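The values are calculated or read from the model by the stated rules, or taken from the named source; none is laboratory data. This structure is a prediction, so every number in the text was calculated from the model and none was measured. We place every Cβ from the backbone using ideal geometry, glycine too, and count neighbours over all the protein chains shown. We work out accessible area using only protein heavy atoms, side chains counted, and drop any ligands, DNA or RNA first. Shrake-Rupley method; radii C 1.70, N 1.55, O 1.52, S 1.80 Å.
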Amino acid sequence: MNDESASSSSWLVHQWVIAGIISAGARFVPIPFVDEQVQKRCRRFVVQQTLVAHRSSLTSEDLASFYSTDSGCLGGCLGMVVRAPLKLLLFPIRKIVTIFTSVRGVPLEIMRTVLIGRTLDRYLETGWLSKTTLKEDGLPSRAMQMRTAFEIAYAQMDWRTLRAAMSDALGTVDQWKAAAVSGAQKVFAHNEEAVEQTESIPAIEASANKVQSVLKRSETLALFAEFDHRFDEAIQDLRKNVHP
């Protein structure tokens with residue numbers, strides 16, 4: 001697979017980072033289910049932008065099983081109906097916990113969003129993902145294999161150093177949190193296309209630039225290279241199970 005400098009343009013990485021900041025900002029919106037909806041839309045935006053950059057014939061719907069937090073319509077939709085009343089009841093407690101854990105959760109959400117885009121970018125670059133290959137594998141599709149491999153690789157990583165660096169970077173931007181919340185509200189009120197509109201918010205743009213500078217550090221690139229290696233190994237193992 002190609003490295004960061006070869007596979008991802010600065011513009012595309014910038015889009016991923018902005019989406020990650022907006023997604024992370026949704027945790028501070030005091031309205032039930034906003035954070036989940038904004039997270040999905042921001043991830044879909046990342047996928048859409050990456051597909052456009054590669055001029056791919058794939059759509060975000062083709063890759064929904066890679067980036068979505070749902071487990072499919074049967075499990076996801078029915079599960080939502082069952083869980084919704086309980087989630088509403090527990091919302092005040094969950095929101096307090098979410099806000100108190102934001103020091104950890106915000107940079108992790110930004111990282112995850114960036115890694116979704118970065119991983120898709122790498123695999124589109126090789127031609128491994130196309131309409132043909134998705135259909136050839138049947139179920140589980142290659143998109144689902146990527147989702148599984150992503151979770152395996154992500155769980156194996158130690159993100160503490162990068163998490164601290166991102167927190168420090170965001171801490172240097174005045175009003176970044178208020179700007180992220182405003183952006184999250186816009187995305188929730190409209191759709192994922194509203195992510196691009198948040199670039200006009202000065203604090204969002206400044207935050208994205210600060211985070212992007214952290215992503216360019218040698219230690220960050222080394223961590224991402226390790227993630228790539230773990231992801232590639234997980235994909236190979238999954239492929240062996242599908243095609244022994």
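Some observations on this one:
To keep it simple, each residue is scored yes or no on (1) farther than 23 Å from Val52 by Cα; (2) at pLDDT 90 or above; (3) not hydroxyl-bearing (Ser, Thr, Tyr).
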site: Val187; (1), (2), (3): no, yes, yes
site: Gln197; (1), (2), (3): no, no, yes
site: Ala203; (1), (2), (3): yes, yes, yes
site: Glu219; (1), (2), (3): yes, yes, yes
site: Leu223; (1), (2), (3): yes, yes, yes
site: Asp237; (1), (2), (3): yes, yes, yes
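- Test: Glu125 is touching a residue at least 12 places away in the same chain (Cβ under 8 Å) and open to solvent by less than 60 Å² (accessible area, probe 1.4 Å): no
The rows are residues; the columns are (1) within 28 Å of Asp168 (Cβ to Cβ); (2) modelled with pLDDT of 95 or more; (3) in contact with a helix residue (DSSP H, G or I) (Cβ under 6 Å, 6 or more places away or on another chain).
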site: Gln49; (1), (2), (3): yes, yes, yes
site: Cys73; (1), (2), (3): no, no, no
site: Leu78; (1), (2), (3): no, no, no
site: Arg94; (1), (2), (3): yes, no, no
site: Arg118; (1), (2), (3): yes, yes, no
site: Leu134; (1), (2), (3): no, no, yes
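- Residue match in the range 17-30 (condition: of a type in the set (S, T, N, Q) and either surrounded by fewer than 17 Cβ atoms within 10 Å (Cβ to Cβ) or farther than 23 Å from Thr220 by Cβ (or both)): no
- Subset of the range 206-219 (residues that are open to solvent by less than 10 Å² (accessible area, probe 1.4 Å) and touching an Asp or Glu at 6+ places or on another chain (Cβ under 9 Å)): Ala208, Val214
- Summed over the range 16-33, residues that are part of a helix (DSSP H, G or I) and in contact with a Lys or Arg (Cβ under 9 Å, 6 or more places away or on another chain) total 8.
- Ala164 being open to solvent by less than 60 Å² (accessible area, probe 1.4 Å), assigned to a helix (DSSP H, G or I), touching a His at 6+ places or on another chain (Cβ under 8 Å) and under 25 Å from Val38 (Cβ atoms): no
- Output for the range 186-205, where each listed residue is in contact with a helix residue (DSSP H, G or I) (Cβ under 8 Å, 6 or more places away or on another chain) and either more than 17 Å from Ile110 (Cβ to Cβ) or open to solvent by 40 Å² or more (accessible area, probe 1.4 Å) (or both): Lys186, Phe188, Asn191, Glu193, Ala194, Glu196, Gln197, Glu199, Pro202, Glu205
- Of residues in the range 167-182 being β-branched (Val, Ile, Thr) and in contact with a Lys or Arg (Cβ under 7 Å, 6 or more places away or on another chain), the one least open to solvent (accessible area, probe 1.4 Å): Val173
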